[in-house]
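Q: What follows is a single structure, and I will ask about it in a moment.
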Amino acid sequence: MTKDFNLKNTIEALLLSSDEPLSADRLYKIISNKENITKADILDSIKGLENDYKSKEIEVSRVASGYRIQARKSINDYLNIIFAEKTPRYSRALMETLSIIAYKQPVTRGDIEAIRGVSVSSSIMRTLSDRNWIKIIGYRDVPGKPAMFSTTSEFLNYFGLERLDELPDLPDIKEPKNLDLELDDQSSNQNKESSIPKSMLN
Amino acid sequence: MTKDFNLKNTIEALLLSSDEPLSADRLYKIISNKENITKADILDSIKGLENDYKSKEIEVSRVASGYRIQARKSINDYLNIIFAEKTPRYSRALMETLSIIAYKQPVTRGDIEAIRGVSVSSSIMRTLSDRNWIKIIGYRDVPGKPAMFSTTSEFLNYFGLERLDELPDLPDIKEPKNLDLELDDQSSNQNKESSIPKSMLN
Amino acid sequence: MKTIKDRNKPQQSEMPFAIVDGEQITELPKDLYIPPVALQVFLDAFEGPLDLLLYLIRKQNLDILDIPIADITQQYVDYINLMKELELELAGEYLLMAAMLAEIKSRLLLPIFEEIEDEEDPRAELVRRLLEYERYRKVSEEINELDRVERDIYPSSVETAQFEQPLVLPDIQLKELVISFQEVLKKAEMFSTLHFTKEPLSVKERMIKILEKIENEDFVRFEDLFDLKEQKIGLVVTFLAILELMKELLIEIVQAEEFGTIHVKTLIEK
């Protein structure tokens, strides 16, 4: 083995750096590229880690696709504080997708992709339907029978609208400035801190 | 303090659980909700962690928005295998734009265009702001009120830096030898009218 | 054009300005036929006229502070013409620079009158810009080499998904929604094949209502789709919505016999 090489520490760092669990096989394949080790060594080292972590607030957990290191439940209270402090934001892609559905409904994913020029990620559609802002209203009678999406009444409620036609008129593309002025009055509480006004990006 | 509470282990687990670096202040606020600790205790514990990690393949790193735990470069060979296909590449145009913002901040798009000699593409500005590497910090008080951009602490975090002055030095302007150059700062407006007939260009 | 290869005899080991199919290209192809792909790659390799000028200067090991304007101008214009000949789209900035170079050249040719000794060397402004640009170009290369997350720095993290985290949903403003759509329209305008027309939203909405109404029915009577309590405009909107639904093949209108009851049937399969 290479001088100073420590299998347990290497496995620990790999498990902590990887976004997904790593199986003993995978760890073996990765590490045996460079170091002369056996699969049994891997398993021994993982046992060693489990032992080291006994008094710690993290633990090794074995899940279907391998091993991962996770926080112990005992720090849950603190984690709640960390996660609660964050005000999440939706991505631009999600906002654009939602706006297309709102203004052009009923639309299929294909319609949205044709307009945005990029494919619509499933996670965006899932997020939007998890919030009950969009629903499938039917399937278009063309090959493949793509689902057609529309917005929901929850969507209208969220924005304090009664009907879809209360959505602001499509802004004049050429003169975005007027729009900003107009809408500033309507928007009650804005969290504009981090996002750069779209008009600056063109 | 609560029985069995171990500040060092808690900080370790919190740093590992948070998806962004945590400052000593932030750690103090989070933990002191439940435990009777001082800010000095936090700093001591972080020192303790650094010490514990000396022989490990992970390390505590201090970046602009706080502390994070990261893998040591010694295991990058393995990590590059795991992350093989995920490394995003950034164009020269993007890196140049980002560099100008980093060194000359606050700058407007016009400033960037004056230096690079080409217009700044919207997609570059969008990528930079989507990544939270740049933000608008105000509007210059000239006609058109152009937005002024600066870099963010996320930008520094990404490059593992704590402060802007840790960036590489900007190369000096060479002393002109043969030319009688007035190296003043007015170099930004050069759209001189040209009297060159079109035929010269063909 | 044939002169390009003569002038550009490399005098130092060069940096490739492009890589095509894994091969480094350090000079313009010398054959008469220049594959447009190579030229496009060449053009893409430059970040604008200043970058191209710097390349020409560096390539010949010239002193940036004492540029032989006539030569450089000629070379620059040759490149531009080459690109134009191949009908490559040139950013306006390239042409502007050509004009600027030509202007400097012509000013250098003018006899110098002693009275105007205040006047700067006509190249001064250009040199200043080149030097300034070069600083940032160089430093951006250094920044590109810095360790960075996703490539050289791997933050460690533990899994926390097993916790029931309080679900904080992002908040959005109506304004953001409209601005997003505005953004979409702007983008769509760039692909000019897409046309957006302002459509009364109420028709869209009515289409949805109608679809909802008939989705679980086999047939719905045509007149049942209308709410007679509505004013005339409402009835018109409903009628437009039905026409639109027919056009989009979402519903079918069925009439069993002449003058018989008209029925509406959904074409949507659930």
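No lab work stands behind these numbers, since they all come straight from the coordinates. The structure displayed is predicted, hence computed values, not measured ones. With ideal geometry, Cβ positions are generated from the backbone for all residues, glycine too; neighbour counts draw on all protein chains shown.
Q: What list of ³J(HN,Hα) couplings, whole Hz, do you get for the stretch B:132-148 from phi and the Karplus terms 6.51, -1.76, 1.60, once you set θ to phi - 60° and write x for glycine and proline?
A: Values per residue, Gly and Pro as x: 6, 8, 10, 8, 7, 10, x, 10, 6, 7, 10, x, x, 6, x, 5, 9 Hz.
Q: Right, next: List the residues whose amide H sits under 5 Å from the amide H of A:M148, counting only those 5 or more places along or on another chain, with H placed 1.01 Å from N in the peptide plane.
A: The list, which skips near neighbours in sequence, is A:I137, A:G138, A:Y139, A:R140.
Q: Take every residue in peptide B:115-125, count the Cβ atoms of other chains within 10 Å of its Cβ, and give the average of those counts.
A: Details: counts 7, 11, 16, 12, 4, 1, 1, 7, 1, 1, 4.
For peptide B:115-125, the averaged partner shielding equals 6.
Q: Return the long-range amide H neighbours of A:I58 (sequence gap of 5 or more, or a different chain), with a cut-off of under 5 Å between placed amide H atoms.
A: Residues meeting the criterion, in which the H sits 1.01 Å from N, are A:R72.
Q: 7 Å along Cα→Cβ for the label point: how many nanometres lie between A:S74 and each equivalent label in the other copies, listed shortest first?
A: Label-point separations across copies, in nm and ascending: 2.9.
Q: Next up: Defining the label point at 7 Å along Cα→Cβ, can you sort the distances from B:Y139 to the same site in each other copy, shortest first, in nm?
A: Those separations, rounded to one decimal, come out as 5.1 nm.
Q: Please turn the phi angles of the stretch B:93-108 into ³J(HN,Hα) values with the Karplus equation 6.51 cos²θ - 1.76 cosθ + 1.60 (θ = phi - 60°), one per residue in order, whole Hz, x for glycine and proline.
A: 4, 5, 5, 5, 4, 4, 5, 4, 5, 5, 8, 10, 4, x, 10, 9
Q: Right, something else. Which of B:K145/C:K186; A:K73/B:K8; A:K39/B:K73; B:K73/B:K104 have a Cα-Cα distance over 19 Å?
A: On the way: B:K145/C:K186 22 Å; A:K73/B:K8 16 Å; A:K39/B:K73 24 Å; B:K73/B:K104 31 Å.
Long pairs (Cα-Cα over 19 Å): B:K145/C:K186; A:K39/B:K73; B:K73/B:K104.
Q: How large is ³J(HN,Hα) for each residue in the stretch C:57-69, as worked out from phi by the Karplus curve 6.51 cos²θ - 1.76 cosθ + 1.60 (θ = phi - 60°), to whole Hz, x for Gly and Pro?
A: Per-residue couplings from phi come out as 5, 5, 4, 9, 6, 7, 7, 4, 7, 9, 6, x, 4 Hz.
Q: Additional query: One decimal, nm, shortest first: give the distances between the label point of B:R89 and those of the same position in the other copies, each label point 7 Å from Cα along Cα→Cβ.
A: 2.9
Q: Can you list residues from other chains, or at least 5 along the same chain, whose modelled amide H is less than 5 Å from the amide H of C:I153?
A: So C:I153 has HN proximity to C:R148.
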